[in-house]
Amino acid sequence: MRSSQCKNKVKVTDFQTVPLAPERLAYFQGYFKNYYYDEFRFGQGTENILSVLNEWGHGGEWLDLGAGPSTLLWSIPLKEVKGIACNDISVEALKVLDDFVQSDEVPPCYQEALKLFAKTDRHVLEMKKKVRNYLVFDAMSNWPAIEHIGKYDLITEFGTFGLAQTPEKFINCFELLKSYLKPGGRVIGANWTRSAHLIGKEGHDNSYLNLKLIDYVAHRYSYDILHLEKVDIADDPYYDSVIVFALSH
């Protein structure tokens, strides 16, 4: 396998030589097509996240945690990005992202988002060229050493830390990432609170998510709060709200 390995981390350099699970690959291909392709879905918190990225997102080196196939959508409001590292626990998710990166495609969903910031397809095509690294590891566990990459000006997580089983594990995620953040660097994230229906269906209850928890995280690890809001989601069977935040180191 043409990749560098260290414990539970894999830095993928050639997806053609990486074993892929067909069912997982099909899942992420479907996820990309269903949620981030045909249309931009307003009222789900996405426009709020993009607005926060536009106001508070640094340029420079950017690490997107739990990227799935979606990193480039979040790139739309950002300016002066030098390099992009994409992380996920699933290599299949990053394979779908890389397929998109290697294409010249700019889906309708992206085109609608671009219009919100008076940008053109060229922005996405330029951002594709800045994807430097694919990193496979669990961002909610002890991070492996990331050699030769250094620290980041911006670290994002959208929907990732909210998968933590307990509030204590959620809080710990911010301690883990802090050592990879440059002084003055920023953390921008969003986590969706699950509905009773989804909790009953899948068993993961993240009702611990609230504004006070982010405020606690900020004070415990000496982050400055730049932005913090709760956005209610209407008429969605799976999610009740989303907590959106921006923190500075």
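The values are calculated or read from the model by the stated rules, or taken from the named source; none is laboratory data. Just so we're clear, the structure is a prediction, and the values are computed from it rather than from any experiment. Glycine also receives a Cβ, built like all others from the backbone with ideal geometry; neighbour counts cover every protein chain displayed. Areas reflect the complete protein model, heavy atoms only, side chains present, ligands, DNA and RNA absent. Shrake-Rupley method; radii C 1.70, N 1.55, O 1.52, S 1.80 Å.
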Identity of the residue in segment 206-249, acidic (Asp, Glu) and open to solvent by 70 Å² or more (accessible area, probe 1.4 Å), that ends up nearest to Asn48 (Cα to Cα): Asp232
Output for segment 101-115, where each listed residue is assigned to a helix (DSSP H, G or I) and open to solvent by 10 Å² or more (accessible area, probe 1.4 Å): Val101, Gln102, Pro108, Gln111, Glu112, Lys115
Residue that is in contact with a Gly (Cβ under 9 Å, 6 or more places away or on another chain), acidic (Asp, Glu) and more than 22 Å from Asp138 (Cβ to Cβ), where the choices are Glu80, Glu61, Glu39: Glu80
Qualifying residue in segment 177-186 (condition: surrounded by 17 or more Cβ atoms within 10 Å (Cβ to Cβ), closer than 21 Å to Asn48 by Cα and in contact (Cβ under 8 Å) with a residue 60 or more places away in the chain): yes
Residue ID - farthest from Ala234 (Cα to Cα), chosen from residues in segment 185-206 that are among the hydrophobic types (A, V, I, L, M, F, W, C) and part of a strand (DSSP E or B): Val187
Neighbours by Cβ (under 7 Å, 6+ apart or cross-chain): first from segment 218-237, closer than 16 Å to Lys182 by Cα; second assigned to a loop (DSSP other than H, G, I, E, B) and open to solvent by less than 100 Å² (accessible area, probe 1.4 Å): Tyr223/His249
Any chance Lys182 is among the charged types (D, E, K, R), part of a strand (DSSP E or B) and over 25 Å from Glu47 (Cα atoms): yes
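Could you identify the single residue in Asn133, Asn87 that is of a type in the set (S, T, N, Q), open to solvent by 20 Å² or more (accessible area, probe 1.4 Å) and more than 25 Å from Phe42 (Cα to Cα)?
Details: Asn87 fails: open to solvent by 20 Å² or more (accessible area, probe 1.4 Å).
It is Asn133.
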